[in-house]
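Here the structure is laid out as structure tokens; the discussion comes afterwards.
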Amino acid sequence: MKFFKRANAILGMNARNLHYVGRYNTKQSKKFADDKIYTKNYLMTRGMGVAKIYNTIKRHKELSDINPKSLPQSFVIKPNHGFGGEGIIVIKEHKNLIFKDVTGVVYGWHDLYLHMISILDGKYAISGLSDQVILEEMLLPHKDLLSFTEVGLPDIRVIVFNYVPVMAMLRLPTFESRGKANLHLGGVGVGINISNGKANFAVHHDKFVRKLPNGEKVRSIQLPMWDEILTTAAKAQQASQVKFLAVDLVLTKTGIKILELNARAGLGIQIANQIPLKHRLEKVEDLKVSSPEKGVEVSKALFSALPKKIEKKTKTKTEKKIIGLFEEINILNTPNTSVLTKIDPHSDVVLFDESLPGIDKLKRYSDVLLRGERVRFPFKKTDLSSSLYKVIIGGKTLNNFLIDVNLKEETDKRLPANMTISEKIIKNIDKKLSIIDKQLKMLSHIKPLNLTEEKVKFMASKDFSPNFIYKKPDINFTAFLRDISSLPKNINHSLYPLFIKKINEIISKIQFLDSVGTSDYSESAQELYGNVDEELFEKAKQYIKDNPIKEDTSKILASKSIVKHFEYFLDKSRLVGWKVKVSEIAKTISVDPYKKVIYINKKSRRSINKLKALLVHEIGTHVYRYANGALQDYKIFKRGTANYLETEEGLAIYNQKKIGLNMGMKDVWPAYLVIAIYHAQTMSFVDLFHFLKKEYGLKNQKAWNACLRAKRGMSDTSLPGGSTRDAIYLRGYFKVSDYLSEDTEQRLKDLYVGKINVSDIKYLEYLDKPKVKYFNFVDFDF
């Protein structure tokens, strides 16, 4: 079947979460959509139809106060934070204490009472936490849907992105699905042509069908009020500001009603329509849509099938010049030559950045040179300073050109060193990502503000789990996500996959920072840093067995001596511009690569062995890799490729072990952190503290440190979960050791090209002679 031949265009769950839910839907917008009561009230105040709410029940006591005989003749019971249609019972009629649902199933009041207790206890909640019960109006289907409906209320799901409805599906309940419009329970999913409301295909139990269970033909379905349905869906997105949204609507006797909003739209709609969702989303992602009504117009223009005659006519127009999505133009009668320009196929507007020299002298029209052709069109001036391009040309103004979105451009001799347009775009993306990533200071945002106070209280009793408070990040996450989403896509460049991974990591970083102190934190930490599975846990235990602690008996040095040794190591490494500064407020010893400064607290003390390990760790690994990365042509090697930190810390441990010195607990500490993180997923802070002391013999201070590292980022540490960040040290060490198990010299040198992850070494072949100036350690002077 043609649909499955286009499997690479089908949007999968991981891609949905990374590129759309994670990128466009904030934590607040997801919470908004998940709360049905708040959503209904919010939409109702903005003039949108919703089912009337008879009552909401928040506590068990309120449930016992209900008089069942006073309930409306028909009503719906549903959980406030439910998902997938679970927990919903539709009561059609009742007499005294006997209730009958739409499929004829009979319930006693006691049955409904127990069901509502289950809802309150969170059985059907998306989070698994306590929930609220909604008693609301039972809606009746529109007369035009009755012939296609066995039982219950059909609903219509419309996926809206950037105000544009991109795909729609009619969900028909059946007796098998117990009157619920749920495909997993046996409902029928009908793909709807977004341009006219007619049915195309249908799916039932994961099989394509031509007839409905009641015998009606699928293609005979025509939804009435289609334009109003699409407009309502787009208006719901405008009101909610959930950027990637599934709107569930119903067509009732009294008009269109919104059932609920879903910020994590399921992907079965692609199967019902036999159309991949990915391409449609990409088509509208970069459009500037001014209103819901405009979004519906765009939807119909983009997603209605072209007549065959028009298609053939288009194919024969080979005399037109072919251009790509990114071109370079000369703006005639101005100093602007080789201006990077974005071609927007769906727009009819031309925009010039207001900072371009000489633009003020132009009147309403401008002449440009594009691929050797002179083109004239009206233009507008605007602020494009946040974009990677200075001009946007609407494709509809270019009548003498054909736009090929997959066009691979040739080298442009006007650019320096035969630089292609793709190379120029990649350099701009590289610069933009570096600026954003630098502002995401991860560790400072997961350090509790009340750490000292909570530690003092805990150490006094050791019988409770601390409650931590965190500073709210002074970062505009929405602006960052908007900047990232505006970056060009599908660039024809060998390093493009490297930047895509970095973009996805930055999105995960933003989600992580946005979740600090919330119930989403543990999940965000695992998405960014990975989890500690059984295999890594077992390897950590084995590492401790294989590396018995050897006490460090070397001489203790004061801060003055530490400064001298750092200065010597920097000097012999020929690291130009680096300084060592003594500080009273800095962490004992810290490195700021951007200022090229190493800060040493004047009260610092280190044994000779630990100082040597520190020199190798901080300068011989972190500083060397940073300095080499700064020599490359791309900032990403200085700032760090995606997940570079795992390799960085793993290499630092590898280098420490190579010098073969006794370092006491320091050598096995990464393994203890893995063990703490593993158990933190099921234990509270206080339980983990006593467990580590009893089972692993950790002293109070070490047990506290391990628990803090495993739980930081959480507010209520009595709950299971926590941060998985510090598993990167041991996991990274194992990966680096495995990578360097053969051909060590060359492979080790590759790791020093910059701040790069082991998995990204393959991209080094695309660099023009990677430069590695800092590689071999200098001899210690003590």
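The values are calculated or read from the model by the stated rules, or taken from the named source; none is laboratory data. What you see is a predicted model, and the numbers here were worked out from it, not measured in a lab. Reconstructed Cβ throughout: ideal geometry from the backbone, glycine too, with neighbour counts over all protein chains shown. What goes into the accessible areas is simple: the full protein's heavy atoms, side chains included, and nothing from ligands, DNA or RNA. Shrake-Rupley method; radii C 1.70, N 1.55, O 1.52, S 1.80 Å.
Might you let me know whether the stretch 240-254 holds any residue that is basic (Lys, Arg) and in a strand (DSSP E or B)? No, every residue in the stretch 240-254 fails to be basic (Lys, Arg) and in a strand (DSSP E or B). Residues in the stretch 68-83 that are at pLDDT below 90 and either open to solvent by 30 Å² or more (accessible area, probe 1.4 Å) or in a loop (DSSP other than H, G, I, E, B) (or both): 69, 70, 80, 81, 83.
Every residue, every condition in (1) open to solvent by 40 Å² or more (accessible area, probe 1.4 Å); (2) hydroxyl-bearing (Ser, Thr, Tyr); (3) touching a residue at least 12 places away in the same chain (Cβ under 8 Å), yes or no:
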site: 598; (1), (2), (3): no, no, yes
site: 617; (1), (2), (3): no, no, yes
site: 661; (1), (2), (3): yes, no, yes
site: 672; (1), (2), (3): no, yes, yes
site: 678; (1), (2), (3): yes, yes, yes
site: 700; (1), (2), (3): yes, no, yes
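Rundown of residues vs (1) open to solvent by 40 Å² or more (accessible area, probe 1.4 Å); (2) part of a loop (DSSP other than H, G, I, E, B); (3) under 22 Å from residue 185 (Cβ atoms), yes/no style:
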{"site": "85", "(1), (2), (3)": "no, yes, yes"}
{"site": "90", "(1), (2), (3)": "no, no, yes"}
{"site": "99", "(1), (2), (3)": "no, no, yes"}
{"site": "107", "(1), (2), (3)": "yes, no, yes"}
{"site": "115", "(1), (2), (3)": "no, no, yes"}
{"site": "119", "(1), (2), (3)": "no, no, yes"}
{"site": "131", "(1), (2), (3)": "no, yes, yes"}
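Only one of (1) assigned to a loop (DSSP other than H, G, I, E, B); (2) under 32 Å from the mean Cα position of the chain (by Cα); (3) of a type in the set (Val, Ile, Thr) is not met by residue 334, so which one is it? Against the list (1) assigned to a loop (DSSP other than H, G, I, E, B); (2) under 32 Å from the mean Cα position of the chain (by Cα); (3) of a type in the set (Val, Ile, Thr), residue 334 comes up short only on (2).
Within the stretch 565-595, the set of residues being open to solvent by less than 80 Å² (accessible area, probe 1.4 Å), closer than 14 Å to residue 624 by Cα and either of a type in the set (Lys, Arg) or in a strand (DSSP E or B) (or both) comprises 591, 592.
In the stretch 44-61, is there at least one residue being touching a strand residue (DSSP E or B) at 6+ places or on another chain (Cβ under 8 Å), hydrophobic (A, V, I, L, M, F, W, C) and at pLDDT below 85? So far as the stretch 44-61 goes, yes, one or more of its residues are touching a strand residue (DSSP E or B) at 6+ places or on another chain (Cβ under 8 Å), hydrophobic (A, V, I, L, M, F, W, C) and at pLDDT below 85. Within the stretch 142-160, residues that are on the phi > 0 side of the Ramachandran plot sit with their Cβ atoms under 8 Å from residues that are assigned to a loop (DSSP other than H, G, I, E, B) and of a type in the set (A, V, I, L, M, F, W, C), at 6+ positions apart or across chains, in these pairs: 152/102; 152/181.
Has the stretch 146-155 got at least one residue that is among the aliphatic types (A, V, I, L, M) and either out of contact with any Gly (no Cβ under 9 Å at 6 or more places or on another chain) or open to solvent by 70 Å² or more (accessible area, probe 1.4 Å) (or both)?
yes
Checking each residue in the stretch 368-394 for being farther than 26 Å from residue 481 by Cβ, assigned to a loop (DSSP other than H, G, I, E, B) and open to solvent by less than 30 Å² (accessible area, probe 1.4 Å) picks out only 379.
Pairs meeting the criteria (first residue in the stretch 633-646 and closer than 16 Å to residue 494 by Cα, second residue open to solvent by less than 20 Å² (accessible area, probe 1.4 Å) and in a loop (DSSP other than H, G, I, E, B), beta carbons under 6 Å, at least 6 apart or on different chains) are 637/754; 641/756; 641/757.
The condition of being in a loop (DSSP other than H, G, I, E, B), among the acidic types (Asp, Glu), at pLDDT below 95 and touching a helix residue (DSSP H, G or I) at 6+ places or on another chain (Cβ under 7 Å) holds for residue 551. Checking the condition touching a residue at least 12 places away in the same chain (Cβ under 8 Å), touching a Phe, Trp or Tyr at 6+ places or on another chain (Cβ under 9 Å) and within 18 Å of residue 537 (Cα to Cα), which residue from 665, 683 passes? Result: 683 is the single residue among 665, 683 that is touching a residue at least 12 places away in the same chain (Cβ under 8 Å), touching a Phe, Trp or Tyr at 6+ places or on another chain (Cβ under 9 Å) and within 18 Å of residue 537 (Cα to Cα). Considering only residues that are among the β-branched types (Val, Ile, Thr) and outside any helix (DSSP H, G or I), look in the stretch 619-678 and name the one that is farthest from residue 442 (Cα to Cα). Looking at the filtered set, the residue picked out is 659. Residues that are crowded, with 16+ Cβ neighbours inside 10 Å and more than 26 Å from residue 292 (Cα to Cα): does the stretch 217-227 have at least one? Among the residues of the stretch 217-227, at least one is crowded, with 16+ Cβ neighbours inside 10 Å and more than 26 Å from residue 292 (Cα to Cα), which makes the answer yes.
Residues of the stretch 282-294 that are open to solvent by less than 40 Å² (accessible area, probe 1.4 Å) and at pLDDT below 90: 284, 285, 287, 289, 291.
When every residue of the stretch 446-466 is checked against the conditions, at least one turns out to be touching a strand residue (DSSP E or B) at 6+ places or on another chain (Cβ under 9 Å), farther than 28 Å from residue 326 by Cα and free of Cβ contacts under 8 Å to residues at least 60 places away in the same chain. Checking 347, 355 one by one, the residue that is hydroxyl-bearing (Ser, Thr, Tyr), open to solvent by 70 Å² or more (accessible area, probe 1.4 Å) and in a loop (DSSP other than H, G, I, E, B) is 355 and no other. Here the condition is being out of contact with any Pro (no Cβ under 8 Å at 6 or more places or on another chain), within 20 Å of residue 638 (Cα to Cα), surrounded by fewer than 23 Cβ atoms within 10 Å (Cβ to Cβ) and of a type in the set (Phe, Trp, Tyr); of 696, 763, 774, 739, it holds for 774 alone. Taken over the stretch 25-67, the criterion of being in a loop (DSSP other than H, G, I, E, B), open to solvent by less than 90 Å² (accessible area, probe 1.4 Å), touching a residue at least 40 places away in the same chain (Cβ under 8 Å) and in contact with a Leu (Cβ under 9 Å, 6 or more places away or on another chain) is satisfied by 25, 26, 49, 51.
So, in the stretch 202-239, of the ones that are among the β-branched types (Val, Ile, Thr) and without any contact (Cβ under 8 Å) to a residue 40 or more places away in the chain, which residue ends up farthest from residue 165 (Cα to Cα)? Break it down into steps so the answer makes sense when it comes.
Looking only at the stretch 202-239, we keep the residues that are among the β-branched types (Val, Ile, Thr), and these are 203, 209, 218, 221, 229, 231-232.
Then keep just the ones that are without any contact (Cβ under 8 Å) to a residue 40 or more places away in the chain; that gives 209, 218.
On the way: 209: 25, 218: 22 Å.
Here the answer is 209.
For the stretch 128-162, how many residues are among the acidic types (Asp, Glu) and touching a Pro at 6+ places or on another chain (Cβ under 7 Å)?
Applying the first criterion (among the acidic types (Asp, Glu)) to the stretch 128-162 yields 131, 136-137, 144, 150, 155.
Add one more test, that the residue is touching a Pro at 6+ places or on another chain (Cβ under 7 Å), and what stays is 131, 144, 150.
Going through the stretch 128-162 one residue at a time, the tally reaches 3.
When residue 365 is tested against (1) of a type outside the set (Val, Ile, Thr); (2) open to solvent by less than 10 Å² (accessible area, probe 1.4 Å); (3) more than 18 Å from residue 287 (Cα to Cα), exactly one condition is not met: (2).
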